[in-house]
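Working notes, structure below.
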Amino acid sequence: MSAKTSAEVVIDGKVYTLSGYEGEDYLQKVAAYINNKINEYDALEEYRHLPANMRATLIQLNIADDYFKAKAKIEKLERDAELKDKEIYDLKHDLISNQVKTETAEASVKELEAQNRELLFNKARLEATLEDKLLDGKDVRKNFSSKK
């Protein structure tokens with residue numbers, strides 16, 4: 001855990017000492033946010049005519065509204081991130097499944113190509129044998145014919 005820090009900040013023209021476990025830059029940023037909210041409302045004529053306690057409450061409500069809107073946005077982004085993570089997981093699963101199918105298909109293709117080569121070799125061998133037999137049969141007939 002970080003060390004506790006203190007910082008003097010100016011909020012609505014008054015000096016305050018803020019302390020916390022965040023750095024001084026962060027504490028100044030918080031004060032600047034509050035000052036921006038005050039300045040935003042000070043620009044409105046009707047705001048300046050309100051009693052001080054109502055002005056403070058209006059700013060507090062506005063800051064709370066900003067907080068809840070930011071929190072809702074973060075929750076939506078987190079849900080979206082979870083959905084994207086699930087989608088990525090599903091896509092990775094599909095990819096792996098398709099890779100396995102592809103590898104299986106490639107192995108089948110190689111096996112079928114080897115069988116095809118073997119069948120073509122056997123066909124060529126059988127055709128050669130048949131041709132030899134047919135040629136031998138012609139020679140036998142010629143020899144048989146010439147003996148007469």
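Looking across region 2-17 at every residue that is at pLDDT below 95 and surrounded by 14 or more Cβ atoms within 10 Å (Cβ to Cβ), the one that is nearest to ALA64 (Cα to Cα) is identified as ASP12. Per the listing LEU119, LEU83, LEU126, the residue uniquely more than 30 Å from ASP12 (Cα to Cα), surrounded by 10 or more Cβ atoms within 10 Å (Cβ to Cβ), under 44 Å from the mean Cα position of the chain (by Cα) and at pLDDT 95 or above is LEU83. Quick check, is ALA31 of a type in the set (A, V, I, L, M), surrounded by 10 or more Cβ atoms within 10 Å (Cβ to Cβ) and not in a helix (DSSP H, G or I)? No: the conditions fail for ALA31. Does region 3-22 contain at least one residue that is among the basic types (Lys, Arg) and assigned to a helix (DSSP H, G or I)? Among the residues of region 3-22, not one is among the basic types (Lys, Arg) and assigned to a helix (DSSP H, G or I), which makes the answer no.
Return yes or no: is TYR67 surrounded by 10 or more Cβ atoms within 10 Å (Cβ to Cβ), modelled with pLDDT under 95 and among the hydroxyl-bearing types (Ser, Thr, Tyr)? Taking the combined requirement at face value, the residue does not satisfy it. Of all residues in region 34-59, those satisfying the criterion of being assigned to a loop (DSSP other than H, G, I, E, B) and not small (Gly, Ala, Ser) are LEU44, HIS49, LEU50, PRO51.
Exactly one residue out of THR57, THR102 is more than 30 Å from TYR16 (Cβ to Cβ), out of contact with any helix residue (DSSP H, G or I) (no Cβ under 9 Å at 6 or more places or on another chain) and either of a type in the set (Ser, Thr, Tyr) or modelled with pLDDT under 95 (or both), and it is THR102.
The values are calculated or read from the model by the stated rules, or taken from the named source; none is laboratory data. Remember, it's a predicted structure, so these values are computed and weren't measured experimentally. Every residue, glycine among them, receives a Cβ derived from its backbone with ideal geometry; neighbour counts consider all protein chains shown.
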